[in-house]
Amino acid sequence: CVPYGHGGFSSKYKRSTSSLLPSTCDILATHEPPKNILDRCLSGEKAGSSSLRTAVENMKGLPPKLWVCGHIHEGRGAVRTTFGTQRDTRETLIVNASNANPGRANHLVYGPIVVDVSSKDEITDGSKKPIAQEKRTFRAQKREKQEGEQELLLAIDLGLRCGASLFDDTGKLLRYEQLRFADEEDLHKRAPELIDSWRNDINAENSIDSNGLEIKNILSYLAVEGGGHLFDAWESSLDSEDKKDIQLVSVRPEEWRSHLLTPKERASSRSCKEAARLIARQVVSDFGLMGDHKGRFKTDAAESVAMGYFMANHLGWIERKPLISRYSNGKVIVPR
């Protein structure tokens with residue numbers, strides 16, 4: 001339990017935040033919420049604690065399964081996220097249990113939040129109804145497609161040096177690139193611009209369906225691999241009104257790798273990256289509209305293609321068994 005003032009609001013205790021946390025724990029209770037999670041004030045400012053969040057991200061072991069906090073009354077609710085740690089990570093359920101009125105608190109509005117830790121880590125209140133969650137969503141659910149629409153999935157391999165790939169709901173790979181951002185501020189600025197430009201570029205091509213009608217391309221899913229502060233940049237890129245219907249999906253590396261890579265390929269980080277580059281070549285050859293990839297495949301771009309391919313299959317846009325074509329010796333078949 002970390003008391004008020006030790007999360008960065010009081011400079012007197014700011015340096016001692018990390019020393020108050022163990023190397024790992026299952027349940028963490030703090031007064032302040034972590035920065036950018038359930039911390040939006042009435043003014044719109046996100047006033048969570050950066051030092052608390054950093055301390056959890058730097059834990060030597062696994063981050064907590066449950067993080068209970070308060071302080072920001074407008075942030076009441078629950079959300080699941082993943083914190084990057086030095087060795088490993090797991091999903092953390094964050095519950096802001098604030099029960100006072102918005103703004104300057106002078107009376108109670110809500111009763112207590114009851115956290116029922118079951119085998120499925122479900123969260124319910126006293127009436128057994130799910131607590132409303134923030135916009136952040138971690139599992140893709142099929143969107144109701146309108147006539148004349150074609151849905152798009154933008155897949156991002158997280159980082160300042162990152163990869164991006166774009167798939168449509170017929171399983172076609174429309175575009176992929178290796179990207180580089182100068183710093184976190186540059187990422188926050190350019191992420192929404194990238195979403196707009198890629199979406200506009202596709203719609204500028206004036207695609208026609210089998211009935212001769214113009215197709216309207218709708219970006220329905222933004223899938224991002226990873227978590228932490230850089231994830232927040234992509235999340236905040238969806239704050240504008242014209243992006244409110246885009247569903248944000250967090251994808252763990254082990255999720256897509258377990259579906260696309262063999263156990264031998266998953267044995268080390270190096271072998272994972274090598275396999276991703278080969279798989280990306282196959283996906284570009286089989287599903288891309290731009291011809292076979294020429295030259296060296298940048299790892300970040302390759303991983304975004306592989307992860308996007310996994311998500312397109314998950315959404316039902318691509319149906320192929322097995323997902324990856326291999327020789328009899330298990331090696332990935334790539335175009336020559």
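The values are calculated or read from the model by the stated rules, or taken from the named source; none is laboratory data. Note that the coordinates shown come from a computational prediction; the quantities given were computed from them, not determined experimentally. Note that each Cβ is placed from the backbone with ideal geometry, even for glycine, and that neighbours are counted across all protein chains shown. Surface areas here come from the heavy atoms of the whole protein model, side chains and all, with no ligands, DNA or RNA. Shrake-Rupley method; radii C 1.70, N 1.55, O 1.52, S 1.80 Å.
Data overview
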{"quantity": "Single residue of GLU214, GLU205 found to be of a type outside the set (Lys, Arg), open to solvent by 70 Å² or more (accessible area, probe 1.4 Å), under 18 Å from ASP169 (Cα atoms) and touching a residue at least 12 places away in the same chain (Cβ under 8 Å)", "calculated": "GLU214"}
{"quantity": "The one condition in (1) more than 22 Å from PRO112 (Cβ to Cβ); (2) assigned to a loop (DSSP other than H, G, I, E, B) that SER51 fails to fulfil", "calculated": "(2)"}
{"quantity": "Of the criteria (1) in contact (Cβ under 8 Å) with a residue 60 or more places away in the chain; (2) among the charged types (D, E, K, R); (3) over 29 Å from LEU238 (Cβ atoms), which one ARG296 fails", "calculated": "(1)"}
{"quantity": "Extreme residue, least open to solvent (accessible area, probe 1.4 Å), among residues of the stretch 144-168 that are assigned to a loop (DSSP other than H, G, I, E, B) and out of contact with any Gly (no Cβ under 8 Å at 6 or more places or on another chain)", "calculated": "GLY148"}
{"quantity": "Any chance ARG199 is farther than 20 Å from ASN313 by Cβ, of a type in the set (D, E, K, R) and buried (at least 18 other Cβ atoms within 10 Å of the Cβ)", "calculated": "yes"}
{"quantity": "Residue among SER49, SER43 that is closer than 21 Å to ALA105 by Cα, of a type in the set (S, T, N, Q) and open to solvent by less than 50 Å² (accessible area, probe 1.4 Å)", "calculated": "SER49"}
{"quantity": "Options LYS273, LYS243; residue that is touching a helix residue (DSSP H, G or I) at 6+ places or on another chain (Cβ under 8 Å), under 23 Å from ASP39 (Cα atoms), among the basic types (Lys, Arg) and touching a residue at least 12 places away in the same chain (Cβ under 8 Å)", "calculated": "LYS243"}
{"quantity": "Count of residues meeting criterion [open to solvent by 40 Å² or more (accessible area, probe 1.4 Å) and assigned to a helix (DSSP H, G or I)] in the stretch 170-196", "calculated": "7"}
{"quantity": "Breaking point among (1) modelled with pLDDT under 85; (2) within 20 Å of the chain's Cα centre (by Cα), for VAL56", "calculated": "(1)"}
{"quantity": "Odd one out for SER220 among (1) closer than 23 Å to LYS298 by Cα; (2) not in a helix (DSSP H, G or I)", "calculated": "(1)"}
{"quantity": "Residue ranges of helices (runs of 4 or more DSSP H) in the stretch 229-336 with at least 3 members at pLDDT below 90 and open to solvent by less than 10 Å² (accessible area, probe 1.4 Å)", "calculated": "229-236"}
